[in-house]
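*Asks:* First, the structure itself, so that you have it in front of you.
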Amino acid sequence: MTQQIETGTVMTIESDDEFRARIRQWFADNRPAKRPRDPAERKSWVRAYHARMYDARMTGPSWPLEYGGMGLSFAQQVIYQEELAKARVPSPLGTGLGIVAPTIITYGTDEQKQRWLGPMLRQDLIWCQGYSEPGAGSDLPALRTTARREDDFYVVNGQKVWTTHATDADVFFTLVRTGTQESRQKGITYLIIDAHAPGVTVRPLKDITGGEHFAEVFFDDVRVPIADRIGEENQGWPLVRTSLGHERAAGAMNQATNYRRILDELIALARERGLTTDPLTRDRLADFEIRVRLMKYNASRIINDIIAHGEPGPASSVSRLFITMFEQELHEFAVEMLGADGIVTRDSERAIQRGRWLTGFLGSRASTIGAGTSEIQRNTIAEQVLGLPRDPAMPAR
Amino acid sequence: MITGWTDDHEELRAVVRRFLSEKSSTEKARELAIAGAVGDQAVWRQMAEQMDLQGLVIPEEFGGAGMGAVELGVVLEEMGRALYVGPYFSTVALAVQTLTAVGDRAAQARWLPRIAAGELTATVAIADDAPSFDLTAVTATATASRDGWSVSGAKAFVIDGMTADLILVAARTDGDLGLFALAGDAAGLHREAVPTVDETRALARVELDAVPAVRVGDDATQTLARAGDLAAAALAAEQIGGAAAALDMAVDYAKMRVQFERPIGSFQAIKHRCADLKVQIESGRSAAFFAAALLDDGDPEAAIAASTAQAWCSAAYTKASKENIQFHGGIGYTWECDAHLYLRRATVSDIVLGAPRAHRARIAELVEM
Ligand SMILES: Cc1cc2nc3c(=O)[nH]c(=O)nc-3n(C[C@H](O)[C@H](O)[C@H](O)COP(=O)(O)OP(=O)(O)OC[C@H]3O[C@@H](n4cnc5c(N)ncnc54)[C@H](O)[C@@H]3O)c2cc1C
């Protein structure tokens, strides 16, 4: 397949193979430097690398060209994701770029697009998602953070929680209540809040791994210009579901590539320690081998469906649950396999590979919670894919 | 390589599904099972004459349609759904694919056109004591004389062994391991039905006392591995069709059955398990598809993919057929309900071409774990 691409002002025709070669070459020429250990240094290292990618038009695969993205065809996005995974590019700081960017592209004003999109990709502005609240997780429409109109401002009061990377944030994209509590999702507004504004307090939360990867965020009479609202007042809820192209589906291939590498590392470790001759260990490892292959097959099928029918098809709705279960069980098994060495942290001399399997074991508990719990996922598959009836006790959607 | 079904495949699927729903419903399966799981002659003929199904993977020069493992997978997924009863799996997935894998042109010219025409049924027996392609489990022997070959030994579980016109068996010669063709009614061949828990698929024990045979190909050690992989991919497709049908049945019932003034499908205890089955089944469909596609492509990963599909789809079918019974409650435990037919088929399918654990062991070997 060939694809017409625009690079600056010149139009060129590039085949998928040429495209892959170009991407691979770029990452080879621009290999990320060694990951600094100091957290502050690491952050500037990540930002600098993404700025370099942006300036070379190597980031934002699915984003339109006019907003600084790569404007790739879907097939090329898949290739890009595979090469990205191989190049071991550090993930961008902040979260939810794949959520907030499409929302701004679809519902934002021209001025908002100009102001936010490029800097978002370039990591000049770090974005974080402020949706969840202490009383509103799965039941997000129960949220209580309020925004009251005062002249050209909203005055925001309330609390968000589990906000990933909030300590790095320059901007939060949030959902706030502008209607009554009873109006539920009909009284919610989508607001972009400056993380450095007076009245914003970010308090890091220590997580299960001992790290501080998320935080709680307090808003105390924070004044947010009305111009920073996306869409209309009280009309924020439908914006939550926006998604751009099929970036997620292409990302499934990236994940399959990643887990292939992780499993290979685990098998190598098992072999090194003479464990692959144990029939039980072999059987479990073979089971993971099966699943990591299925992950790739599922991803390929989703990609095929999108290319052939424009829709990701049934394999896509199940692939996330498949991956989250795999991720947890793989790490659980790694720790079990390592026995006593598996339970010591990186601070111990006996730690295997700096305790990465133990960290993964703890860290992967989040994979069935964050971004919607697996129970909520199962509800969605049961209702939307299998057509089973909704629980009558649940409020209307 | 294609990475998913095309519109042509979907069309084939729709045609086969319609045909089976008219000619071979699960009610029919039940009747045929009681009658000994031989199949319906009229339906068999229509499959050959109107649909070209027996000839699906037979090369065109031998009267077939020249399709590959992917297309066979589509057909078998539908047969698995419908619990089709008849010698299709044995004749096509086992015998035809073995004949093409072994690549003996004289043998192909002799039997494939008649199979394509629906005139000849066939089966394969490799391991002595299981219906698998495990060559280490072959002790039957073949001896050459001036009159040709003769085979002695026993094959304990031959699929459709009671009725097959042609039986391909593996046997040891002085030097190597060969594949031999025997007529189902040959002198010295004694066959006896082996009742198993799956009444929709007939198995037989075949005893061979110096049965005259035709040798097919030379040393078959290498080629039978491919035949085994093709059979494994085909069975995986059939299994995942059965698993999908069991889930559909469960979902339909859960939408309809009301307890505590609401459909039971609105309870998460049911819903979530259906969702988990869906995850397992869709992944199984990917597995069966890729096993077939990689085999068609002659990809070096095909053997691993075939065992991957076998291990995964076996487990998916077993799980789905059990859950289907559970979600049907008391009705699910009755003879009248079709649910047990799927469990029966799943239980036998789980081991006919090697148990999941054996396939995982093979994968560990193949990836040099
Ligand atoms: C590592 C991590 C990072 C996160 N990052 C962010 C972030 O950046 N921004 C942000 O806004 N949020 C973030 N979250 C929050 C996350 O989105 C919520 O934790 C999640 O939506 C679940 O909400 P909850 O924690 O309130 O759990 P609850 O909704 O209280 O759920 C508790 C338990 O009840 C179950 N449950 C709830 N409702 C139902 C139901 N209807 N049926 C069956 N079971 C049900 C859940 O599945 C769960 O097992 C993060 C969470 C984690 C773990």
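*Asks:* Listed here are the pairs A:Lys296/B:Lys322; A:Lys160/A:Lys206; A:Lys86/B:Lys278; which of them are more than 22 Å apart at the Cα?
*Replies:* A:Lys296/B:Lys322; A:Lys86/B:Lys278
*Asks:* With viscosity set to 1.002 mPa s at 20 °C, what whole-number translational diffusion coefficient in µm²/s follows for segment B:159-215 from Stokes-Einstein and a Kirkwood radius over Cα pairs?
*Replies:* 176
*Asks:* For segment A:225-308, what log10 I(q)/I(0) values come out of the Debye formula at q = 0.10, 0.18, 0.24 1/Å, with one point per alpha carbon and no solvent?
*Replies:* -0.48, -0.83, -1.07
*Asks:* Could I ask something else about it? Within 10 Å of each Cβ of B:361-367, how many other protein chain Cβ atoms are there on average?
*Replies:* 5
*Asks:* Assign unit charges at the C-beta atoms only (+1 for Lys and Arg, -1 for Asp and Glu), then state the dipole size of segment A:41-172 relative to its Cα centre in Debye, rounded to the nearest 20.
*Replies:* 360
*Asks:* Moving on to the next point. Take every Cα-Cα pair in segment B:116-186 and report what % of them are more than 17 Å apart.
*Replies:* Summing the P(r) of segment B:116-186 above 17 Å gives 41 percent of all pairs.
*Asks:* Moving on to the next point. Of the options B:Leu230, A:Gln185, B:Ala42, report the single residue whose Cα projects farthest towards the positive end of the charge dipole of the protein assembly as shown (beta-carbon charges: Lys, Arg +1; Asp, Glu -1).
*Replies:* It is A:Gln185, whose Cα lies furthest towards the positive end.
*Asks:* Oh, and also: Give the dimensionless ratio obtained when the Cα radius of gyration of chain A is divided by 2.2 N^0.38 Å.
*Replies:* So chain A has a normalised radius of gyration of 1.04.
*Asks:* Right, here's the next one. How much net charge surrounds B:Ala303 when only the other residues with a Cβ under 11 Å from the Cβ of B:Ala303 are counted, with Lys and Arg +1 and Asp and Glu -1?
*Replies:* Neighbour charge sum, excluding B:Ala303 itself: -2.
*Asks:* Considering every residue in B:25-33, what mean count of other chain Cβ atoms within 10 Å of its Cβ is obtained?
*Replies:* Per residue, the average neighbour count from other chains is 0.
*Asks:* Then there is this: Give the order of B:Met79, B:Met369, B:Met256 when sorted by the count of other beta carbons within 10 angstrom, beginning with the fewest.
*Replies:* Listed from fewest to most nearby Cβ atoms, that is B:Met256, B:Met369, B:Met79.
*Asks:* Continuing with the same structure: Considering the options A:Thr277, A:Thr380, A:Pro312, tell which one lies farthest towards the positive end of the dipole of segment A:263-397, charges being +1 on Lys and Arg and -1 on Asp and Glu at the Cβ, about the Cα centre.
*Replies:* Of A:Thr277, A:Thr380, A:Pro312, it is A:Pro312.
*Asks:* Please report, in whole Å, how far the alpha carbons of segment A:238-386 spread along each principal axis, starting with the longest.
*Replies:* 51, 28, 24
*Asks:* Something else now. Once the Cα atoms of helix B:302-327 and of chain B are each reduced to a long axis, what angle between those two axes, in degrees from 0 to 90 to the nearest 10, is obtained?
*Replies:* Result, in degrees: 40.
*Asks:* To continue, here is another question. Quick one: compute a quarter of the convex hull surface over the Cα atoms of chain B and quote it in nm².
*Replies:* Orientation-averaged projected area of the Cα hull: 18.4 nm².
*Asks:* Something else now. Please give me the summed charge of the neighbours of A:Leu263: other residues whose Cβ is under 13 Å from its Cβ, Lys and Arg +1, Asp and Glu -1.
*Replies:* Result for the neighbourhood of A:Leu263: +1.
*Asks:* In which sequence would B:His9, A:His309, A:His50, B:His359 go, from the one with the fewest C-beta neighbours within 10 Å to the one with the most?
*Replies:* Placing the least packed residue first, the sequence is A:His309, B:His9, A:His50, B:His359.
*Asks:* Something else now. Which value, in debye to the nearest 20, gives the size of the charge dipole of segment B:122-220 about its Cα centre, when Lys and Arg are +1 and Asp and Glu are -1 at the Cβ?
*Replies:* 100
*Asks:* With charges set only on the Cβ (+1 for Lys and Arg, -1 for Asp and Glu), what does the dipole of segment A:238-386 come to about its Cα centre, in debye to the nearest 20?
*Replies:* Here segment A:238-386 has a charge dipole of around 260 debye.
*Asks:* Hey, how much of the P(r) for segment A:16-91 falls beyond 21 Å, as a percent of Cα pairs?
*Replies:* Cα-Cα pairs of segment A:16-91 separated by over 21 Å account for 27 percent.
*Asks:* Next up: Please determine, in degrees from 0 to 90 and to the nearest 10, the orientation of helix B:356-366 with respect to the longest principal axis defined by the Cα atoms of chain B, where the helix direction is its Cα long axis.
*Replies:* 60
*Asks:* If the elastic network links every pair of Cα atoms under 10 Å, which of B:Glu22, B:Glu71, B:Glu282 fluctuates the most in the Gaussian network model of chain B?
*Replies:* Looking only at B:Glu22, B:Glu71, B:Glu282, the biggest GNM fluctuation is shown by B:Glu22.
*Asks:* Just add up the charged neighbours of B:Met369: K/R +1, D/E -1, any other residue whose Cβ is under 9 Å from the Cβ of B:Met369.
*Replies:* Neighbour charge sum, excluding B:Met369 itself: -1.
*Asks:* Determine, for B:Cys313, B:Cys274, A:Cys128, B:Cys337, the number of other Cβ atoms within 10 Å of each Cβ, and report the residues in order from fewest to most.
*Replies:* So the ranking, lowest neighbour count to highest, is B:Cys337, B:Cys274, A:Cys128, B:Cys313.
*Asks:* Any lysines with Cα under 30 Å of the B:Lys155 Cα? List them, leaving off those in the same chain fewer than 8 positions away.
*Replies:* Cα-Cα hits under 30 Å: B:Lys28, B:Lys319.
*Asks:* Same structure again: Summarise the partner chain shielding of A:387-395 as one whole number: the mean count of Cβ atoms from other chains within 10 Å of each residue's Cβ.
*Replies:* The mean count of partner-chain Cβ atoms within 10 Å per residue comes to 5.
*Asks:* Something else: For the Cα atoms of chain A, what angle does the longest principal axis make with the long axis of helix A:247-272, in degrees from 0 to 90, nearest 10?
*Replies:* Computed tilt is about 30 degrees.
*Asks:* Give me the compactness ratio for the protein assembly as shown, meaning the Cα radius of gyration over 2.2 N^0.38 Å.
*Replies:* 1.09
Values in this text are rule-based calculations from the coordinates and carry no lab data. Note that the structure is a prediction, hence the values are computed from the model and not measured. FYI the Cβ positions are ideal-geometry reconstructions off the backbone, even for glycines, and counts take in every protein chain you see.
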